[in-house]
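The values are calculated or read from the model by the stated rules, or taken from the named source; none is laboratory data. Since this is a predicted model, take the numbers as computed values, not measurements. Note: ideal-geometry Cβ built from the backbone for every residue, glycine included; neighbour counts use all protein chains shown. These area figures cover heavy atoms from the full protein model, side chains too; ligands, DNA and RNA do not enter into them. Shrake-Rupley method; radii C 1.70, N 1.55, O 1.52, S 1.80 Å.
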Amino acid sequence: MMFRCLAILCCLCRFIVAQECSLNEHNEDKNMVEIEFEGDKFMAYVQPHVTTFYKEVDPPASTAVTPMHEGFAGKFINLSKEKMLLFWEPYEGAKDPSLMRVMPPFFGGGSATFPTHRFYFSTEEDPHTPVKRFIVQQYPESLYVYDPYHVEGDEEQTEQNLSILTEEERAKYDAFRKTLRFNKVYQNVTGRQYLVNYPRPRPVHFMWPADYLNQTHWVTTRETHITKLPPPEKLQPIKERGTERVITSEDHVLLQEYRDETSDVFNMTLKVLSCAPRVYEIPGFLSQVEVDHIMELALGEDLSLSATGDGDKEEVDIDAKKITSTRTSFNSWLPREKSPIVDIIYRRAADLMRIDEALLRSRSDGEYPNLKTKKSIAESLQLVHYEDGQEYTAHHDFGYNAVDDEFQQARFATLLFYLNGGMTGGATSFPRWVNAETFRGLKAVPEAGKAVLFYSQLPDGNMDDFSQHAAEPVTEGDKWLINLWTHDPIYEV
């Protein structure tokens, strides 16, 4: 697996068009620490002390403030060869527990949760009889395991119990048990639990540093603003595919005659809003013409009630009451090929994240031949509309993978583009950001054209539990935005 990841890393680190950037070179993260585990070596990310986040001012305190929000990611692991149902119950013996998901054999799935929350596994045949109950503990206790075979302190009996498994089932079981053993070592070093399957490689994509609050970075792009709206015949869906869409440094950019005439490059500035999780604000990412174009496309789309979910690929059945109580917005999807302006937004976003734009679309045979798939690592733009009173409570954008998933693909970065401002409420909040000044969440206030970037992964490949975020209730007016999700290392639906 290590050689496969190095091949992918070498493959992903080229750029078709050279960029200028505030970072002269991408140095190794100084917060990586080597862990030895069962003959292997693993580079783990250790979060710096909170006082280092305050470079421009003295730290308000010598330790991190405990956040008001107590929620975190809970991962529930079924180490049985039988399919299980995961229920949430408000109290033990509740007559109407909520079915959270169907759990395949040897699989782990997740849900945002809180200390004292109660869950249980049951069989499909007898859903109201728990075979294993869980009471969620304080952070960082995120992993909750049902293992009907393991007998603590009795290896002989454990092996006898495991004898009923097939070779394939035993391999999955052993892989999970190895992850759980590694988790103990990892938590002892980092203070957090290992939410992925061991060993998940480090992200192959670039990550902007977030060393201290208000730190700034900049990067240039040829994808300057569209400042004049092209006529309808220039805004038809893109039909070219693969290498037909490559724009080299000698080529004219799309819709060049409708762009900002004052400069051939656009300098994008990222300001660090939070170091843990890594959150950045990019003012003026979209022009007003681009915002208006997206809104025009939006008004032509059918918006449906937004669904929840953690991106898992197992069958999920969440009851309607849970959906409407956590997410009450409306959404639709805009593919990159919807119009040349949407394509330009993808290209500009790729330059912002320092990822080759070819990875954010379908590719020809000769493009990135080392990758398993020719599919984009990016999802279509998700267009979201919040009306008065609507919200999306604290959640994570990442999901969980099957234990035998070779690539462990997962959402890597989220890029939010605000299409309007001026509403009351509606901030994007990060309720668990690590700081020394307040127990309240960090808030990014919507402004038309502004972008916010944050990562769902840590530099060592683990998921970042602190990336939990919420769309706060809109109390007056409405809110429009688009999400762009990119995956690491690939994206297979």
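With the condition kept exactly as written, say whether any residue in the stretch 309-322 is over 22 Å from residue 418 (Cα atoms), assigned to a loop (DSSP other than H, G, I, E, B) and modelled with pLDDT of 95 or more. No, because not a single residue in the stretch 309-322 is over 22 Å from residue 418 (Cα atoms), assigned to a loop (DSSP other than H, G, I, E, B) and modelled with pLDDT of 95 or more.
Within the stretch 99-130, the set of residues being over 29 Å from residue 174 (Cβ atoms) and of a type in the set (Lys, Arg) comprises 118 only.
A single member of 212, 194 is open to solvent by 20 Å² or more (accessible area, probe 1.4 Å), assigned to a loop (DSSP other than H, G, I, E, B) and not acidic (Asp, Glu), and it is 212. Looking at this structure, is residue 429 in contact with a strand residue (DSSP E or B) (Cβ under 7 Å, 6 or more places away or on another chain), open to solvent by 20 Å² or more (accessible area, probe 1.4 Å), polar (S, T, N, Q) and free of Cβ contacts under 8 Å to residues at least 60 places away in the same chain? Answer is no for this residue. Taken over the stretch 114-166, residues that are in contact with an Asp or Glu (Cβ under 7 Å, 6 or more places away or on another chain), in a loop (DSSP other than H, G, I, E, B) and open to solvent by 40 Å² or more (accessible area, probe 1.4 Å) amount to 1. Which of the residues that make up the stretch 405-432 are part of a loop (DSSP other than H, G, I, E, B) and within 21 Å of residue 196 (Cβ to Cβ)? 405, 406, 407, 408, 409, 432, listed by residue number. Evaluated against (1) modelled with pLDDT under 95; (2) loosely packed, with under 15 Cβ neighbours inside 10 Å, residue 110 falls short on exactly one condition, (2).
Here the stretch 62-96 is the region considered, the condition is being touching a helix residue (DSSP H, G or I) at 6+ places or on another chain (Cβ under 8 Å) and more than 30 Å from residue 403 (Cβ to Cβ), and the residue that is least open to solvent (accessible area, probe 1.4 Å) is 64. Across the stretch 433-455, what is the total count of residues that are open to solvent by 10 Å² or more (accessible area, probe 1.4 Å) and either under 22 Å from residue 58 (Cα atoms) or part of a strand (DSSP E or B) (or both)? Residues in the stretch 433-455 being open to solvent by 10 Å² or more (accessible area, probe 1.4 Å) and either under 22 Å from residue 58 (Cα atoms) or part of a strand (DSSP E or B) (or both): 9 in total. Here residue 173 does not qualify as under 26 Å from residue 100 (Cβ atoms), among the hydroxyl-bearing types (Ser, Thr, Tyr), open to solvent by less than 80 Å² (accessible area, probe 1.4 Å) and not in a helix (DSSP H, G or I).
Scanning the stretch 117-141 for residues that are of a type in the set (S, T, N, Q) and either closer than 16 Å to residue 107 by Cβ or more than 26 Å from the chain's Cα centre (by Cα) (or both) yields a count of 3. Close contacts from the stretch 339-366, counting a first residue that is assigned to a loop (DSSP other than H, G, I, E, B) and a second that is aromatic (Phe, Trp, Tyr), with Cβ to Cβ under 6 Å and a gap of 6+ residues or different chains, come to 354/206; 356/15. Looking at the structure I just gave you, is residue 414 surrounded by fewer than 23 Cβ atoms within 10 Å (Cβ to Cβ), under 22 Å from residue 342 (Cα atoms), β-branched (Val, Ile, Thr) and modelled with pLDDT of 95 or more? It is true that residue 414 is surrounded by fewer than 23 Cβ atoms within 10 Å (Cβ to Cβ), under 22 Å from residue 342 (Cα atoms), β-branched (Val, Ile, Thr) and modelled with pLDDT of 95 or more. If you go through the stretch 100-113 and keep only what is in contact with a helix residue (DSSP H, G or I) (Cβ under 9 Å, 6 or more places away or on another chain) and part of a strand (DSSP E or B), you end up with 100, 107, 108, 112.
Cβ-Cβ contacts under 7 Å between residues 6 or more apart (or on different chains), taken from a first residue in the stretch 56-77 that is at pLDDT below 95 to a second residue that is of a type outside the set (Phe, Trp, Tyr), are listed as 56/214. Total residues in the stretch 473-493 satisfying the condition of being outside any strand (DSSP E or B) and either buried (at least 23 other Cβ atoms within 10 Å of the Cβ) or of a type in the set (A, V, I, L, M, F, W, C) (or both): the figure is 3. Can you spot a residue in the stretch 31-48 that is over 28 Å from residue 198 (Cβ atoms) and at pLDDT 85 or above? Scanning the stretch 31-48 turns up no residue that is over 28 Å from residue 198 (Cβ atoms) and at pLDDT 85 or above. Within the stretch 250-292, if we keep just the residues that are among the charged types (D, E, K, R) and within 15 Å of residue 228 (Cβ to Cβ), the residue that is surrounded by the fewest Cβ atoms within 10 Å (Cβ to Cβ) turns out to be 257.
Scanning the stretch 258-297 for residues that are assigned to a loop (DSSP other than H, G, I, E, B), of a type outside the set (Asp, Glu) and closer than 24 Å to residue 354 by Cβ yields 263, 265, 275, 276, 277, 278, 283, 284, 285, 286, 287.
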